[in-house]
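Just so it is clear, none of the values below were taken in a lab; they were calculated from the coordinates. Please read all numbers here as calculations on a predicted model, not as lab measurements. Heads up, the Cβs are rebuilt from the backbone with ideal geometry, glycines too, and the neighbour counts pull from every protein chain shown.
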Amino acid sequence: MKKLSVFIVSVVTCLTMYGQPQTQQVIATSGGNDQNSDISIEWTLGEPVIATLSTSTIVLTQGFHQPDLEVTVIKSLDGLPYTVEAYPNPTDELLLIQLKNAEARDFQYLLYDMTGKVLEQKKLESDVTAINMQNHPAGVYLLKVMQMANEIKTFEIIKH
């Protein structure tokens with residue numbers, strides 16, 4: 001009798017655990033919704049997954065909202081006596097890398113596509129270096145700025 005009671009309690013417990021509805025949840029910094037007679041849209045900011053869909057007239061970026069100009073730093077060393085900037089981002093033609101207050105040299109940049117293939121690798125010869133992005137198709141690229149063997153800053157670059 002005791003084994004039968006334990007079995008029944010176990011089955012009832014399992015059924016109640018698996019019978020609970022599981023609602024989808026997202027942890028986001030902000031969001032909202034809007035609708036008209038044809039379209040309903042809900043959005044959140046701060047999602048970890050993004051995707052961009054486009055047609056000839058519409059571009060939809062899912063996951064987070066991007067302003068027209070954006071600098072996305074993926075990795076950066078703190079406490080350096082100089083700064084490294086890459087602009088404009090997004091870009092169509094030229095991407096500029098600017099070193100401010102950099103006394104030591106031996107800087108270089110590496111431009112990667114999203115498969116990890118190195119597209120360009122060159123030394124930074126002056127305080128402002130231009131990269132011709134017209135030779136590369138539209139897409140997302142990674143730009144690493146290095147000093148000797150140290151990775152100083154990595155940017156996500158968007159090419160229109």
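Within segment 141-154, not a single residue is assigned to a loop (DSSP other than H, G, I, E, B) and either in contact with a Leu (Cβ under 6 Å, 6 or more places away or on another chain) or within 26 Å of S54 (Cβ to Cβ) (or both).
With respect to (1) more than 19 Å from K75 (Cα to Cα); (2) touching a Ser or Thr at 6+ places or on another chain (Cβ under 8 Å), the lone exception for E125 is condition (2). When T91, T129, T154 are checked against the criterion of being buried (at least 18 other Cβ atoms within 10 Å of the Cβ), polar (S, T, N, Q) and more than 18 Å from the chain's Cα centre (by Cα), T129 stands alone in meeting it.
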